[in-house]
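Just below is one structure, and these are the notes that go with it.
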Amino acid sequence: MPFLIQAMVYLGAAVISVPIAKRLGLGSVLGYLIAGVVIGPFALSLVGEQGDIMKFAEFGVVILLFLIGLEVQPSTLWDMRKAIFGFGGAQVVGTSLAIAAASMLLGLPWQTALAVGMVLAMSSTAIVLQTLDEKGLRQGPVGRAAFGILLLQDLAVIPMFALLPTLATIAPTVHEAAGGHGASLVAHLPRWAQGLSVLAAVGVVVGGGRYLVRPIFRFIAEARLREIFTAAALLIVVGVANIMQTVGLSPALGAFLAGVVLAESEFRRELESDIEPFRGLLLGLFFITVGAGIDLRLVASQPLVLIGLVLGLMVLKFLVLFGLARLFGAPARGAAAVAAALAQGGEFAFVLLTFTVGAGVIGATLAALLTAAVAVSMALTPVAMILYERIAQMLDAAIPKVVPDTGAFDDSEPDIIIAGFGRFGQITGRLLTANGFRSTVLDSDIEQIDLLRRFGRRVHYGDATRMDLLRAAGIERARMLIVALDDREKTVELVETARKAFPDLVILARAWDRRHAYDLLANGADAVERETFEAALALGTTALQKLGYRAHRAHRAGAIFRRHDRKSFEDLRPVWGQEEAYILASRDAAQTMDKLLNADLARLRPGDAAGAWDTATLDEELKERAEREAAKRENAK
Amino acid sequence: MTDQANPEETTTSIAAPATSGVLLTLAHPALERSRANRALAKAAKGLEGVTFHDLYETYPDFAIDIEAEQEKLLAHDVIAVQFPLYWYATPALLKEWFDLVWLHGFAYGLDGNALAGKRLFAACTTGGAAKAYHAHGYNRFSMDEFLRPLEQTAYLCGMVWETPFVVHGAAIKDDEELKAEALRYRARVASLMTAPADAELGA
């Protein structure tokens, strides 16, 4: 089929089905999958063999992992070690054994059963992360736990490739050590040399990312050719994927590693924004190919077996994940979310199945059945998430008194949520943290977030006006929301929605000017602070000092000014909104205020009206008395 | 300093605007840490006719609003100050309050008789035990002596100096003892409102 027509079919299918699926609340992943089924060889048959396109589309997963790596600092990775190795390792081992046991009960020999267990223990990185992203759960504790598991699964693939051939019960059909997983050039080498080559490859990625990429990118950036920059970014990802494949590692894992290395470079944001569109499109294509790969004839011929397999797989994976998550201290709600998200089979299953068939571990018929089951289970993931949400909502409605679990894995709940952590929010936040209050920060500036993470803060990336993000951050149990966004309209919007959703929450907000401040108060803020007021006042006070005032006199002048300004702010508040009345009143008030202010400040000027520490009148009185007494003594003489 | 206010002027100025009640001015920079002062304040501030005024809460930055404070003084018959004794004197903000608000020409001096005829009452907590405030104790002077500056302030302003209320050893008292002191304090503050103002001014 001509390339352009094929491209049109794929794009057309995506453009039609994804918006519809989203409108129906099914999420984009399900939309792509359905589109794939529809255009696939078993339905409309608009596209043919998926093999090549599948390989191309799998590159979407590689890019996804690279982008995720860019968001993850090495220190964050270290913080997640418990989630990755503890929870993740337990999941792979636990799920493999559980599925193997179930397979043995169904009559498979133990070797095949174990292989099936390992293959099906994998979950789908692409589907899980995309689904969690759409639900706004990716940045929260649920997302972190899921991510840890997925990362470990990527790692676990390496020993699996080594282990699977030893389980062969059938004569291998293809003699290829790393089969479908890509042609490993080092497979024929002795084991120690393989290990060395893996280390060398990792060294190349880390060292190159550290020392080579920067000068190269600087050179390219100076050329001011945007498309070349994009090309270079893609080149890095493709290159790393190739290196990794050469030594038999997962390309996705390599891309993730490269991302982590580059997370600290100043080009990270450009890299991100340049590669982002490829990720979306390629992942979409990947989902479509998965949908198209579902063998509808097999499904139709053995519907009950398939339904049983899919349900058995998902229920078993859910139960193992749920149990382990609870064991690792997650609240029931969060554990259920993680378990529901990861209960499907993954794209690695396709790769591993091809490999096991080649190695003679699993028979071709069984492999085809499992491939279909995995694909269907992937398609059902969005459905499982919707089911999870419905049940969670029902439980919430049934027991309204109980504070719902937000799925937080952190044992400490924040006292304060700070939305916006730029020049303003940081100062406020530091003061509160220094006083021992726990805060969670929401900011949409990734660089800012990195900086903060380095200081060990809990930062969530994202638009704070999104309710789901606020919930993920733990707003339901926080005592206070501090809105310090650098955007006038968004500040009002957030104050308004937060006030409606949480009537008892204390809301403090950063205001631009007086009008904005009134606006915020009217929309439910408990207190506001005009962002420049205190700083301007402080500078004015310093100016007075430089003009010759003694420090305390300048300080008092500032304090008096502040008091008058705050009073006039309160006085004018009732007429705010009535434009004409406000202007009249403020003109009036300005005059009165100025008069009062001048009178108050006059007290600070020596020789003026009686005032603080001003002894002029007293001195005069004392002088008169002294004169009177002197006159008396004179008379007495 | 001048000695006393002119008695004639003082007596004629009592026909001031209608006033009533006690202005209970509390000065404690760390009230959250003071069991005694919290217990006392809590017991007295609920009384009818008592205006509770927490100085450190109102002026955390020491920027005292002189006009507003003078109005408060004018509006009450009894000016009560409650504080912990720090270095044998009042906490800094209470001293600042006297310095800034009780001005020449307002509180004292030839034209300063705004407070004449009112009563000044001090309630004070100390860390040391009662016997320390004695010629033979380690503080060497009595509480009466340490409170002389306030007593003299009352005298200069033509006010009546009420017998101070003192709680000694505030930090070592248990809850029961503090409760008893608080009740005693409440009764004392209540009595300030009912007892007729002593007409005898320092003539």
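No lab work stands behind these numbers, since they all come straight from the coordinates. As the structure is a computational prediction, the values presented were derived from the model and not from experiment. Note that each Cβ is placed from the backbone with ideal geometry, even for glycine, and that neighbours are counted across all protein chains shown.
One table, with the values for the structure above:
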| read-out | value |
| --- | --- |
| Ellipsoid equivalent to segment A:204-255 - semi-axes via the Cα gyration tensor, in Å | 23, 12, 6 |
| Environment charge at A:Phe87 (Cβ cut-off 13 Å; Lys +1, Arg +1, Asp -1, Glu -1) | +4 |
| Where labels lie 7 Å past Cα in the beta-carbon direction, separation of A:Leu304 and A:Ser75 in nm | 6.0 nm |
| Cβ-derived FRET efficiency at R0 30 Å, B:Phe98 paired with A:Arg566, nearest 0.05 | 0.75 |
| Mean residue ellipticity (222 nm) of the protein assembly as shown, computed from DSSP H runs ≥ 4 via -39,500 (n - 2.57), nearest 500 | -19500 deg cm²/dmol |
| Extended-chain gain in nm, criterion 0.36 nm per residue less alpha-carbon gap, A:Asp487 and A:Ser273 | 74.8 nm |
| Hydrodynamic radius by Kirkwood, which averages 1/r over all alpha carbon pairs of segment A:491-637, in angstrom | 19.0 Å |
| Folded to 0 to 90 degrees: helix A:303-327 orientation relative to chain A principal axis, Cα | 40 degrees |
| Residues A:Lys500 and B:Thr163, FRET efficiency given R0 of 60 Å [Cβ-Cβ distance, rounded to 0.05] | 0.60 |
| Spacing of the two label points (7 Å from each Cα toward its C-beta) at B:Glu177 and A:Ala626, in nm | 5.1 nm |
| Beta bridges per DSSP with both ends in the protein assembly as shown, % antiparallel, nearest 5 | 0 percent |
| Only Lys, Arg (+1) and Asp, Glu (-1) charged, at Cβ; the protein assembly as shown dipole about Cα centre in debye | 2060 debye |
| Cubic angstrom per residue, convex hull over Cα atoms of segment B:22-192 | 107 Å³ |
| Principal axis box of chain A, alpha-carbon based, largest edge first, Å | 139, 57, 49 |
| Cα-Cα separations in segment A:35-84 greater than 17 Å, expressed as whole percent | 59 percent |
| Assigned charges on the beta-carbon of Lys, Arg, Asp, Glu; segment B:22-192 dipole about Cα centre (debye) | 640 debye |
| Average Cα contact separation per residue, chain A, under 8 Å, 6 or more apart, as relative contact order % | 15 percent |
| Crossing angle, helix A:3-23 versus chain A [Cα axis fit, 0-90 degrees, rounded to tens] | 50 degrees |
| Residues B:Cys157, B:Cys124, sorted so that the one with the fewest Cβ neighbours within 10 Å comes first | B:Cys124, B:Cys157 |
| Long-range amide H partners of B:Thr125 with built H, under 5 Å | B:Phe83, B:Leu85, B:Val167 |
| Beta bridges by DSSP in segment B:22-192, antiparallel share as percent, to the nearest 5 | 5 percent |
| Under-5 Å amide H pairs with A:Ile418, H placed in peptide plane, nonlocal only | A:Thr440, A:Val441, A:Leu442, A:Ile482 |
| Only Lys, Arg (+1) and Asp, Glu (-1) charged, at Cβ; segment A:3-398 dipole about Cα centre in debye | 540 debye |
| Over segment A:419-569, equivalent-ellipsoid semi-axes from the Cα gyration tensor in Å | 31, 19, 13 |
| Burial ordering of B:Thr194, A:Thr615, B:Thr126, fewest other beta-carbon atoms within 10 Å first | B:Thr194, A:Thr615, B:Thr126 |
| Three-way shape label, segment A:191-231, alpha-carbon gyration tensor, a/c 1.5 | prolate |
| Shielding by other protein chains, B:100-110, mean Cβ within 10 Å | 4 |
| Residue exposure sequence - A:Glu629, B:Glu48, A:Glu529 - by fewest surrounding Cβ within 10 Å | B:Glu48, A:Glu629, A:Glu529 |
| Over segment A:1-130 - Rg/Rh using Cα atoms and the Kirkwood inverse-distance radius | 1.07 |
| Extreme residue, positive dipole direction of the protein assembly as shown, given options B:Gly46, A:Leu30, B:Ala36 (C-beta unit charges) | A:Leu30 |
| Degrees, to the nearest 10: A:533-546 long Cα axis against longest axis of chain A | 50 degrees |
| Which of A:Ile417, A:Asn435, A:Ala527, positive extreme of dipole for segment A:416-531 (C-beta unit charges) | A:Asn435 |
